[in-house]
């Protein structure tokens, strides 16, 4: 396998720049996920690595080899597409071996590679079938098998699970994770689904507007989002945001607005001229809103709320609350017994608060 380097890569369509000086290192054997909303540039970046889109500026390396001018077939990559891209008139075996046959690979070697890939993907019994005789999940396994037999240095996946139903997506996520472990493969994977990113990635690169907003492990991106966009995009259900300001009282710092007063238990450098501390955003994840006091947690003072909507999700409930003009979402145990219209108290987990500058969106703690 191999590493991948994007060195100040740009993409322009005419005068419009859609990717802005992207620099990114993908390590050998890493599973890197490019995640972001539609139109953020993630698929364009992947296609530039594959050689399917021209690079407007900057350099792309696979290992130490500059690949800007190389055609796709010479880059030692294999790509798995959203729509599978299987030949309908060919059998599974013929689809998987097609690229090897074009390269005049000996038949004995072709048969060996196809058999190995089919065994890994558990599709040996489907080798004589055509794509129309397969389910969506089976077709995707064939597309992945076609990539495996080529023994590329880098695997590229462009939203490969988006055409599958929820149950199949869950199953295929597990299979892709197992595949990465078996092959020790370098994988660059594009998705708009942050659940896929969180469950599959070694590292995540969150993109928006043609820029990389944050790179880190799933845990780092989830627990310390770099800005408001990342905080709102990563996490399901999404993070709660409340507008307010910071104010010092004696030796303590508080976040305040018309509805709540929350102790900030960590140090904030109040002398930063780039941040307006009179206009900040408090972020708190739904699992960090508590409906009762928990002795081993450092909690805020009580916050008065009204219950708006309760959603049962089997093992837990999503509870939509209003605190003055603000709406909060809390994830609570399924035993929660309040109803819409009820009044109640909640507490915030002070150890997991997030503060952002409202104007720039950047994290300030």
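The numbers here are math on the coordinates, done by the rules we state, and not lab data. No experiment lies behind these values; they were computed from the predicted model shown. Note: ideal-geometry Cβ built from the backbone for every residue, glycine included; neighbour counts use all protein chains shown.
For region 127-220, just run the numbers: alpha carbon Rg, then divide by 2.2 N^0.38 Å, N being how many residues it has.
1.16
Counting only the backbone N, which residues of region 115-138 are under 18 Å from the spot 7 Å out from the Cα of residue 87 toward its beta-carbon?
115, 127-134
Which value, in Å to one decimal place, does the Kirkwood hydrodynamic radius take for region 240-357 when every pair of different Cα atoms is included?
In region 240-357 this quantity evaluates to 15.0 Å.
With r defined as the distance between the Cβ atoms of residue 178 and residue 322 and R0 fixed at 41 Å, what FRET efficiency is calculated, to the nearest 0.05?
Between residue 178 and residue 322 the formula returns 0.40.
What order do you get for 290, 6, 266, 81 when you list them from fewest to most C-beta neighbours inside 10 Å?
266, 81, 290, 6
Quick check on the exposure proxy: order 126, 245, 189, 61 from fewest to most C-beta atoms within 10 angstrom.
Arranged by neighbour count, lowest to highest, 126, 245, 189, 61 become 245, 61, 126, 189.
Mean shadow of the chain, computed from the convex hull of its alpha carbons, in nm²?
The directionally averaged projection comes out at 22.7 nm².
In what order do 162, 97 fall by count of nearby beta-carbon atoms within 10 Å, going from fewest to most?
If I rank by nearby Cβ atoms, fewest first, I get 162, 97.
Give me the extension gain from residue 211 to residue 339: residue separation times 0.36 nm, minus the current Cα-Cα distance, reported in nm with one decimal.
Full-extension gain reported as 41.8 nm.
Taking the Cα of residue 162, stepping 7 Å toward and past its beta carbon, and measuring to each backbone N in region 2-33: which are under 19 Å?
18-19, 32-33
With all pairs of different alpha carbon atoms counted, what Kirkwood hydrodynamic radius in Å does region 186-295 show?
Radius from the Kirkwood sum: 16.2 Å.
Per the helix-only calculation at 222 nm, which mean residue ellipticity applies to the chain, given -39500 (n - 2.57) for every DSSP H run of n ≥ 4 and division by its residues, nearest 500 deg cm²/dmol?
My calculation for the chain gives -7000 deg cm²/dmol from helical runs alone.
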